[in-house]
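Notes for the one structure printed next.
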Amino acid sequence: MRRALSAADGALASGDIPVGAVVVDRDGRVLGVGHNIREAAHDPTGHAEIVALREAARTLGRWRLEDAVLVVTLEPCAMCAGAAVAARVAGIVFGAWDEKAGACGSVWDLARDRAALHRPEVHAGVLAEECAGLLTEFFAQHREA
């Protein structure tokens, strides 16, 4: 999660919401890293998770990431949870809950939906206060501006 928090800082330079993601293999080797790039790339799919999953797939040379875990600072949204399920990741680990758009247990639970073809193991709340604090500070500064 520390690596994902570090990645989140990369979003700040472009004014993107500071969310970071890392895809690791079972040995902890980093396969992909991402942060939000929606503003910088003018890309509605430019979420940290999508960026990290794409990089991991390129690293491995395949789209199936069945031995990998997606680690992200904020609970994935429906698009990102769906991408993680489609990539067949073994697990999703996230920090802060997203009570507005989360899709791994708060608003929806796409990752563990019994109708899904694949259901990764989900672990929530890792360094939750630190992950949420980064977002709280970001939005407080934007409200002041």
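The values are calculated or read from the model by the stated rules, or taken from the named source; none is laboratory data. Since the model is a prediction, treat every value here as computed from it, not as a measurement. Here the Cβ positions follow ideal geometry from the backbone for every residue, glycine too, while neighbour counts run over all protein chains shown. All accessible areas refer to the heavy atoms of the entire protein, side chains included, with ligands and DNA or RNA removed. Shrake-Rupley method; radii C 1.70, N 1.55, O 1.52, S 1.80 Å.
Please sort by residue number the trypsin sites (Lys or Arg not before Pro) in the stretch 8-45 whose DSSP state is loop and whose Cβ has at most 14 other Cβ atoms within 10 Å. Numbers along the way, then the final one.
Values: sites: 26, 29, 38; in loops: 26, 29.
Sites meeting the loop and neighbour criteria: 26, 29.
Counting other C-beta atoms within 10 Å, and keeping those with at most 15, which DSSP coil GluC sites (Glu not before Pro) do you find in the stretch 1-106?
Qualifying residues, ordered by number: 66, 99.
Estimate the FRET efficiency between residue 137 and residue 26 by the formula 1/(1 + (r/R0)^6), using the beta-carbon distance for r and 41 Å for R0, to the nearest 0.05. Could you put the intermediate results ahead of the total?
Details: r = 33 Å, r/R0 = 0.82.
For residue 137 and residue 26, the calculated efficiency is 0.75.
Given H placed on each backbone N at 1.01 Å, which residues far from residue 20 in sequence or on other chains put an amide H within less than 5 Å of it?
8, 73, 74
Distance from the Cα centre of the stretch 1-60 to that of the stretch 69-137, in angstrom?
Distance between centres, Cα-based: 14 Å.
Which residues does the label zone of residue 106 cover in the stretch 1-40, counting backbone N under 11 Å from a point 7 Å along Cα→Cβ?
Inside the label zone: nothing.
Once amide H atoms are placed 1.01 Å from N in the peptide plane, what residues at a sequence separation of 5 or more from residue 107, or on another chain, have their amide H within under 5 Å of its amide H?
The answer is 102.
How much of residue 6 can a 1.4 Å solvent probe reach, expressed as accessible area in Å² and rounded to 10?
Its accessible surface works out to 60 Å², give or take rounding.
Rolling a 1.4 angstrom probe over the protein heavy atoms, how many square angstrom per residue are accessible across the chain? Could the numbers behind the result be given before it?
On the way: 7460 Å² over 145 residues.
For the chain, the per-residue accessible area is 51 Å².
Probe radius 1.4 Å, ligands and nucleic acids left out: which of 45, 59, 73 has the largest accessible area, and how do the rest follow? The partial results should precede the final answer.
On the way: 45 45, 59 75, 73 5 Å².
Of 45, 59, 73, the descending order of accessible area is 59, 45, 73.
By how many nm would the segment from residue 119 to residue 42 grow when fully extended, if each residue of separation counts as 0.36 nm and the alpha-carbon distance is taken off?
Working it through step by step, the gained length comes to 24.6 nm.
Roll a 1.4 Å probe over the protein heavy atoms and report the accessible area of residue 53 in Å², nearest 10.
Its accessible surface works out to 10 Å², give or take rounding.
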